[in-house]
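To start, the structure itself, in structure tokens.
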There are 2 protein chains.
Amino acid sequence: MPTVSSEELAAAAGVNSAKLRKDFSYLGSYGTRGVGYDVEYLVYQISRELGLTQDWPVVIVGIGNLGHALANYGGFASRGFRVAALLDADPNVVGSTAAGLPVRHMDELESIVESQHVSIGVITTPPGAAQQVCDRLVEAGVTSILNFAPTVLTVPDGVDVRKVDLSIELQILAFHEQRKAGEEPDRTESVLDRAPGPVRAAAAKLRRAAGGNGKGRGTAEAVAKDQAEQGKGKPAKGGDGDLSAVMPA
Amino acid sequence: MPTVSSEELAAAAGVNSAKLRKDFSYLGSYGTRGVGYDVEYLVYQISRELGLTQDWPVVIVGIGNLGHALANYGGFASRGFRVAALLDADPNVVGSTAAGLPVRHMDELESIVESQHVSIGVITTPPGAAQQVCDRLVEAGVTSILNFAPTVLTVPDGVDVRKVDLSIELQILAFHEQRKAGEEPDRTESVLDRAPGPVRAAAAKLRRAAGGNGKGRGTAEAVAKDQAEQGKGKPAKGGDGDLSAVMPA
DNA sequence: TAGATTGTTAATCGATTAACAATC
DNA sequence: TAGATTGTTAATCGATTAACAATC
């Protein structure tokens with residue numbers, strides 16, 4: 001189809017057509033009244049605004065399983081990302097190939113970034129090496145970093161960092177899964193929408209029973225008791241009152 | 001510190017303290033007026049609400065580089081996820097080990113899901129196999145699926161699917177990178193906030209020049225012309241007027 | 001010209017936050 | 001009791017959407 005109306009696009013996207021038109025208007029006036037939007041032209045304008053029409057050389061540092069997986073990821077090339085180099089510190093890995101590219105030694109980082117004008121770096125190293133690699137990337141001129149290592153990176157102003165935590169999505173699924181299991185009957189509203197009356201009452205009672213001094217002792221007991229009390233409402237499978245075994249690291 | 005106030009927590013998180021208190025209130029009344037929140041108790045209550053205190057067995061299907069990387073990912077175990085099994089269809093992969101676990105054949109999928117009460121499946125197969133794997137997981141009883149394959153999955157009602165696109169974050173970085181390069185001078189507002197007057201005018205002119213019939217022809221020319229005209233404003237590096245070379249797949 | 005559809009204004013809705021009574 | 005801080009109400013702010021003049 002050569003043209004499309006805001007109404008059609010909005011229906012396809014599941015949003016309000018006024019919102020869609022307003023959003024498009026931030027990019028400019030690319031529609032034609034009485035006609036709609038020229039599809040090819042609109043796609044191009046949006047792509048350009050998002051930076052998809054540019055070529056973005058990237059370096060991937062740390063060629064373990066994840067580095068390998070990313071080097072092979074088809075979605076990169078189709079979105080304008082070009083792997084300028086794969087880098088690793090391990091002499092056993094350097095020289096091997098991944099996704100048809102040779103793995104080069106970290107020593108070449110600076111020369112590659114400079115000669116190929118790399119502004120985006122991807123870090124897939126072990127957590128301990130991430131900050132050091134980050135520092136070298138930034139020093140060499142990289143101004144955007146995608147961090148897959150479970151490390152919080154410190155960077156100077158002007159450098160963007162995005163951190164990918166592969167378990168976040170899994171946590172979101174688990175959250176919904178828990179709710180599915182929780183209560184089959186009335187499913188419409190969220191746990192977070194209803195006032196958790198019984199839980200609240202129990203918690204208040206427990207805190208009072210625990211002494212109410214808020215000084216932190218007696219809490220483990222309160223938790224254990226709390227788990228016992230709400231046993232039927234929300235069966236906390238595997239819960240044994242030992243907090244440390246259950247908390248995120 | 002045994003207790004913390006909403007003011008302290010809000011400052012640490014960079015949000016408003018009233019919002020923080022209101023959000024917490026959806027979980028119940030876990031604070032104490034005049035004192036604050038008992039840290040240990042609060043952490044436990046939030047963890048429980050998010051499902052972090054439960055044990056979640058998961059299966060990973062497709063043990064390529066990404067499957068390997070996920071199996072080894074330390075963040076899973078610490079958040080209550082336990083890899084119940086690694087599965088692959090390739091006889092050359094079956095029998096090998098990843099993250100200390102044996103890779104088992106797809107044939108065992110159903111029995112593993114049932115015997116271990118697996119409700120969450122992770123798909124790291126090639127795109128062509130993803131839907132088929134998804135169908136088998138759902139049929140076996142899995143009700144939440146995390147999909148890393150670049151395939152849109154169809155599932156029955158009651159099954160949750162989340163799709164992870166590893167290049168999305170890279171695209172966000174590229175978007176900001178483009179803006180950094182765009183205009184050093186006034187940096188405060190977003191490209192999307194200012195009215196793109198010149199671009200708009202040029203586009204209108206071009207559409208008129210292209211015939212204004214909206215029938216889709218003449219657009220490629222219009223784009224080429226548009227690129228030429230805005231040459232100095234936003235140097236579209238690597239742009240050569242060939243749309244197909246530049247569009248997302 | 002009549003019909004269609006954009007781009008934008010004004011009205012509505014929902015989310016954030018200031019303020020404060022409750023209470024530790 | 002006086003001071004501190006929660007939980008919640010009411011006011012404010014911003015985002016969404018209905019409506020419509022502009023115009024193809």
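Residues that are at pLDDT below 95 and within 16 Å of DNA strand D (Cβ to nearest atom): does region B:167-188 have at least one? Scanning region B:167-188 turns up at least one residue that is at pLDDT below 95 and within 16 Å of DNA strand D (Cβ to nearest atom). If you go through region A:124-151 and keep only what is open to solvent by 50 Å² or more (accessible area, probe 1.4 Å) and in contact (Cβ under 8 Å) with a residue 24 or more places away in the chain, you end up with A:P126, A:P127, A:R136, A:E139.
Where helices (runs of 4 or more DSSP H) sit wholly within region A:3-63, those with at least 1 residues that are more than 13 Å from DNA strand C (Cβ to nearest atom) and within 11 Å of chain B (Cβ to nearest Cβ) occupy A:39-50. Inspection of region B:78-88 finds no residue satisfying the criterion of being in a loop (DSSP other than H, G, I, E, B), within 16 Å of DNA strand C (Cβ to nearest atom), basic (K, R) and closer than 30 Å to B:V4 by Cβ.
Does region B:36-43 contain at least one residue that is in contact (Cβ under 8 Å) with a residue 24 or more places away in the chain, within 15 Å of DNA strand D (Cβ to nearest atom) and within 25 Å of A:T151 (Cβ to Cβ)? Taking every residue of region B:36-43 in turn, at least one turns out to be in contact (Cβ under 8 Å) with a residue 24 or more places away in the chain, within 15 Å of DNA strand D (Cβ to nearest atom) and within 25 Å of A:T151 (Cβ to Cβ). The numbered conditions (1) part of a helix (DSSP H, G or I); (2) within 16 Å of DNA strand D (Cβ to nearest atom) are all true for A:G67 except (2). I'd like to check something: does region A:97-111 contain any residue that is on the phi > 0 side of the Ramachandran plot and open to solvent by 60 Å² or more (accessible area, probe 1.4 Å)? Yes - at least one qualifying residue is present in region A:97-111.
Of the numbered criteria (1) open to solvent by less than 60 Å² (accessible area, probe 1.4 Å); (2) out of contact with any Gly (no Cβ under 9 Å at 6 or more places or on another chain), the one B:P91 fails is (1).
The values are calculated or read from the model by the stated rules, or taken from the named source; none is laboratory data. All figures in this text were calculated on a predicted structure; none of them were measured in a lab. Every residue, glycine among them, receives a Cβ derived from its backbone with ideal geometry; neighbour counts consider all protein chains shown. Areas reflect the complete protein model, heavy atoms only, side chains present, ligands, DNA and RNA absent. Shrake-Rupley method; radii C 1.70, N 1.55, O 1.52, S 1.80 Å.
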